[in-house]
Amino acid sequence: MIETLAGAALAADSLTLGQDDDADSLQAHFHAGISADEIEQVFHLKRAQPTLQAFTALFHGGSDGVLIRLLVLRELAADSSVSAFSRADINTRLAYLIPESLETVLTRLRTHGLLAWDAQGAVYRVTPMARNVLAALETLLSMGQADNGDDADMGFLLSQVAGAHAVGGVTVDQLKHLLGRLVDLTEEFRDAIASGSEFRLRTSQSKWHMACDWVEKGSEILRAILADERADGATHKAAQAIGRAQSALLNMQGMFSRALNQIERQRVHLGQSGLSTTDVKRWLLAHEDLSSLAQDAIDRPVVPLFATPAEMIDVAETELLAERHAVAGPAGLPTGEDAPLTVNDSPAIQAELDDWLARLSDFANLGNFPSFSEIGPKSVPIQDSLLPATFAIASYRASLLPLLGDAAEARLQGATAQLARLPITFAPTDDMVALNDPHVAAMSIATLSLDLESGPADE
């Protein structure tokens, strides 16, 4: 009975596949006069037909059937202590499945080469093709369980490139997939910066920090690919394009800082309460149902009021007489009053920016920076200019360094524009130097140098 049901299910499935092949042939998708075999990608896909058929055997049909097939195959492949399974062992291991469904799945997996049947020993074996398919799926499934989907995408693509390079088989298509993801992230960050939305900017900046972590790991892989003499020209070209995309991604830190500083300067505060519009929006976003805030706000329904012409005349006469009385009143000067007490709402970050600008201006004018002397230095290490300071202040100062010499920023007004017009050149390197500082353990080796050819600092 079980064999009959399994054979009928497999025959119906094979008939469905055959009908699909007849009704929807490959050549029917191409224009007349164009052969499918002339397309390069079709050749590569046909060459991988055994692997594609293995995936078809697993994923053809409804989602419930796919889950059962993967469940059975993963259960059998998970036991590495044995290499073969008798039918009794399979029945014991998968006792929670009804016999008819288990027999149908085993027949399908055996027919498509995912399970091998050893008639002499009367045992099943998991084929190498099945283990390759499961290994690819396990990597994708494990990455998909991460909290951040974009972070998982980058991790999966990098793991594929790193694994392929480790065995000497990295392909141009794998590198192009990684390049495409980097380009997508760069465009997403640029759109967030152009939107001017503080919440979207901060969300994108958090995603940017995670992307930079993957970029740092990917740089090591790219250097290894570029140094590999066995890689062909197309692989080198794709790796170089990825390097340029990573550089464009890393250079967006200054764009994020400028956009957030602009929003900080334009922040609106609600009187003397200390609250800003950002705080109000954050509080509103914390409520899933904004309509619930209006509950019990109105004690009774709104009662419409109707006015007759008599009441309208009375109201108009009252308003007219009140206006005449106000005009005919005393015309003397009002009595003096004390000016209202105001509180400086300037954010602390603005004061920090003014202090940083003053220090760099002293240095640009050959003044007393970083040490008091009659003739100032022509260049200083970056740690002498950023420190001493807390980690937050040092990081904020470092984020402003890309503005030095920025022609677009120099044409604007404000403190950051004054910073961009200073005749100072920022020269970073990839090496790090250890510091004896309570807040900053290490810092990139870089220098600030006076650009004497551009003249004195902007006044």
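One table, with the values for the structure above:
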| quantity | calculated |
| --- | --- |
| Index of the failed condition, Trp356 passing every other in (1) at pLDDT 70 or above; (2) of a type in the set (Phe, Trp, Tyr); (3) surrounded by fewer than 10 Cβ atoms within 10 Å (Cβ to Cβ) | (3) |
| The one condition in (1) farther than 24 Å from Asp437 by Cα; (2) modelled with pLDDT under 65; (3) surrounded by 13 or more Cβ atoms within 10 Å (Cβ to Cβ) that Ser361 fails to fulfil | (2) |
| Hits in region 416-428 - residues which are surrounded by 16 or more Cβ atoms within 10 Å (Cβ to Cβ) and outside any loop (DSSP other than H, G, I, E, B) | Thr416, Ala417, Gln418, Leu419, Ala420, Ile424, Phe426 |
| Test result for Gly196, over 30 Å from Gln350 (Cβ atoms) and either surrounded by fewer than 15 Cβ atoms within 10 Å (Cβ to Cβ) or under 17 Å from the mean Cα position of the chain (by Cα) (or both) | no |
| Single condition Arg93 does not satisfy, out of (1) surrounded by fewer than 14 Cβ atoms within 10 Å (Cβ to Cβ); (2) more than 21 Å from Ala136 (Cα to Cα) | (1) |
| Among (1) more than 30 Å from Leu386 (Cβ to Cβ); (2) at pLDDT 70 or above - the single one Pro301 does not satisfy | (2) |
| Within region 106-122, considering residues that are among the aliphatic types (A, V, I, L, M) and surrounded by 15 or more Cβ atoms within 10 Å (Cβ to Cβ), the one farthest from Thr56 (Cα to Cα) | Ala116 |
| Search result, residues across region 396-415 that are part of a helix (DSSP H, G or I) and surrounded by 13 or more Cβ atoms within 10 Å (Cβ to Cβ) | Tyr396, Arg397, Ala398, Ser399, Leu400, Leu401, Pro402, Leu403, Glu409, Ala410, Ala415 |
| Evaluation of Gly62 against (1) within 35 Å of the chain's Cα centre (by Cα); (2) in contact (Cβ under 8 Å) with a residue 60 or more places away in the chain (one fails), failing number | (2) |
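The values are calculated or read from the model by the stated rules, or taken from the named source; none is laboratory data. These figures come from a predicted structure and were not determined experimentally. Heads up, the Cβs are rebuilt from the backbone with ideal geometry, glycines too, and the neighbour counts pull from every protein chain shown.
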